[in-house]
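**Student:** Submitted below is the structure of interest, expressed as structure tokens.
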Amino acid sequence: MRFIIKSLTDLPKSLKDPSNLKDLEIIAKKADKNKIKDSVYRDSYKHPDGNRSHVVDKLNEFYNYKCAYCERVCKADAEHYRPKKSVTGTDHPGYYWLCYEWTNLIPSCITCNREGAKHNHFPILGTRVNAPSFINGRLDKEKCRAFNAPLIDETPYLLHPEIDDPKQYFKFEIDPENEGIRLRGINNRGSETINICKLNRYELKIHRGNVIKDFVDNLSMVAFLNQRNNDAVVSGLFQMFNVFKQKSQHKEFEHLMLKEYAMASVWNFTEIVLPFVENLSWRNTVKDAFIAWKCSVLGYVEKMREIFR
Ligand SMILES: [Zn+2]
């Protein structure tokens with residue numbers, strides 16, 4: 001999961017079409033969920049690769065073709081963050097008035113959104129909003145925004161990638177069952193988001209582990225290529241650290257939060273990267289080089305050199 005800035009003015013055409021907005025007024029006033037059309041919130045079209053959606057195409061511009069929850073590249077669906085027709089485990093009618101709301105549409109892979117995972121789940125900590133607000137007899141659009149009151153005061157357990165910075169809610173750790181890397185919530189919203197979207201499912205843990213294993217393999221190549229030259233080894237490792245850090249900033253790559261986390265501190269690197277380095281002596285070399293690289297990135301080495309020059 002990653003924090004995303006989505007333009008509020010660059011909307012898919014179907015969501016700003018006047019006749020669709022007129023229908024939305026009826027849906028909101030009469031609570032008529034039967035009038036909700038997927039041709040508006042999905043707006044599918046034929047493509048040689050199969051059916052595509054104009055709404056998902058627009059979401060992909062901001063989410064780089066990745067699922068908002070698991071950060072895998074996928075053929076996403078336009079998922080309603082707040083379910084439009086019912087809310088699992090409650091007698092809530094669903095947030096029908098948000099069916100065409102841009103801040104309520106999130107790209108999700110089928111697995112994160114399937115029954116048993118996110119689907120119509122939407123547990124909250126605050127007070128549930130049961131009906132739309134109107135102003136001068138028309139739907140109050142500002143109160144339909146996910147980041148505005150009264151919706152924001154619901155304090156949903158599920159993080160919203162355009163409102164909440166996921167880095168404040170998660171950490172990573174080696175899976176105790178040796179199934180790659182698992183995500184851990186550092187507070188109840190983080191933990192519940194993992195539960196709701198099943199973010200510790202087997203294939204995700206293995207895939208995260210493979211991202212780190214590939215990195216560790218690249219580090220090993222440095223030792224292989226520079227066997228008798230310590231300076232060259234350290235310089236090669238610095239280069240690899242820089243490349244991996246740069247990769248954590250490439251929006252189109254998967255698992256950016258994991259990559260950023262791994263490189264953020266010596267503690268994180270020690271927890272989730274070093275255990276994949278099997279040779280103990282090489283592990284110490286990599287750790288020492290990482291500490292030196294981290295200091296150089298932070299400018300400490302230069303400062304110390306200045307002091308003792
Ligand atoms: Zn997903």
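**Student:** Cross-link partners among aspartates and glutamates for residue 287, C-alpha distance below 18 Å, same-chain residues fewer than 8 apart left out?
**Tutor:** Filter leaves 173, 214, 217, 231, 260, 271, 278.
**Student:** Using a simple spin-label model with points 7 Å from Cα along the Cα→Cβ vector, what separation in nm is obtained for residue 296 and residue 136?
**Tutor:** Distance between label points: 6.3 nm.
**Student:** What is the calculated FRET efficiency for residue 242 to residue 186, with r their C-beta to C-beta distance and R₀ = 22 Å, to the nearest 0.05? Can you show the working numbers first?
**Tutor:** Values: r = 28 Å, r/R0 = 1.27.
About 0.20, to the nearest 0.05.
**Student:** Under a 10 Å cutoff between Cα atoms, tell me which one of 259, 167, 22 has the largest fluctuation in the Gaussian network model of the chain.
**Tutor:** Taking springs between Cα atoms under 10 Å, the residue moving most is 22.
**Student:** Does region 85-139 come out rounded, prolate or oblate by the C-alpha gyration tensor, with a ≥ b ≥ c the root eigenvalues, rounded set by a/c under 1.5 and, if not, prolate when a/b is larger than b/c and oblate if not? Walk me through the numbers on the way to the answer.
**Tutor:** Numbers: a/c = 2.58, a/b = 1.54, b/c = 1.67.
Oblate.
**Student:** Between their Cα atoms, which of 30/84; 13/37; 37/251; 167/213; 6/251 are more than 20 Å away from each other? Present the calculation step by step, with values, prior to reporting the outcome.
**Tutor:** Numbers: 30/84 14 Å; 13/37 15 Å; 37/251 32 Å; 167/213 22 Å; 6/251 14 Å.
Going by Cα-Cα distance, 37/251; 167/213 fall outside the 20 Å limit.
**Student:** Here's another thing I want to ask about it. In terms of modelled amide H atoms, which long-range or inter-chain residues lie less than 5 Å from the amide H of residue 53?
**Tutor:** 45
**Student:** Turning to a different aspect of this structure: Please give the Cα centre distance for region 200-273 versus region 43-98, rounded to the nearest Å.
**Tutor:** 32
**Student:** Classify region 13-157 as rounded, prolate or oblate from the Cα gyration tensor: take a ≥ b ≥ c as the square roots of its eigenvalues, call it rounded if a/c is under 1.5, otherwise prolate when a/b beats b/c and oblate if not. Let's see the in-between values first.
**Tutor:** Values: a/c = 1.82, a/b = 1.24, b/c = 1.47.
The shape class here is oblate.
**Student:** Starting from 0.36 nm per residue, how many nanometres of slack lie between residue 265 and residue 22 once their C-alpha separation is accounted for?
**Tutor:** Working: separation 243, 0.36 × 243 = 87.48 nm, distance 5.23 nm.
That works out to 82.3 nm of additional length.
**Student:** Quote the FRET efficiency, to the nearest 0.05, computed for residue 221 versus residue 88 with a Förster distance R0 of 51 Å and r equal to the Cβ-Cβ distance.
**Tutor:** Working: r = 49 Å, r/R0 = 0.95.
Efficiency at R0 = 51 Å is approximately 0.55.
**Student:** Using a ≥ b ≥ c from the Cα gyration tensor of the chain (square roots of the eigenvalues), is it rounded, prolate or oblate, where a/c under 1.5 gives rounded and otherwise the larger of a/b and b/c decides, a/b for prolate? Before the final figure, lay out the partial values.
**Tutor:** On the way: a/c = 2.44, a/b = 2.38, b/c = 1.03.
Cα axes put the chain in the prolate bin.
**Student:** Same structure again: Which GluC sites (Glu not before Pro) in region 167-212 pass both tests, a DSSP loop state and at most 11 other beta-carbon atoms within 10 Å? Could the numbers behind the result be given before it?
**Tutor:** Details: sites: 173, 177, 179, 192, 203; in loops: 177, 179.
Those satisfying the criteria are 177.
**Student:** Would you mind ranking 157, 81 so that the residue whose beta carbon has the fewest other beta carbons within 10 Å leads the list?
**Tutor:** On the way: 157 19, 81 25.
The fewest-first ordering by Cβ neighbours comes to 157, 81.
**Student:** On to the next question. Just name one of 244, 120, 109: the one whose Cα is farthest towards the positive end of the charge dipole of the chain (beta-carbon charges, Lys/Arg +1, Asp/Glu -1).
**Tutor:** Projecting each Cα onto the dipole axis, the largest value belongs to 120.
**Student:** Any idea how far apart residue 148 and residue 249 come out in nm if each label point goes 7 Å out from Cα toward Cβ?
**Tutor:** With each label placed 7 Å out from Cα toward Cβ, I get 3.5 nm.
**Student:** Roughly how big is the chain's charge dipole about its Cα centre, with Cβ charges of +1 (Lys, Arg) and -1 (Asp, Glu), in debye to the nearest 20? Can you show the working numbers first?
**Tutor:** Numbers: 48 positive and 40 negative charges, 88 e Å.
Taking the Cα centre of the chain as origin, the dipole is about 420 debye.
All of the numbers you see were taken from the coordinates with simple rules; none came from a lab. Nothing here was measured: the structure is a model prediction, and the numbers come from that model. When we count neighbours, we look across all protein chains shown, and the Cβ atoms used for this are built from the backbone with ideal geometry, even at glycine.
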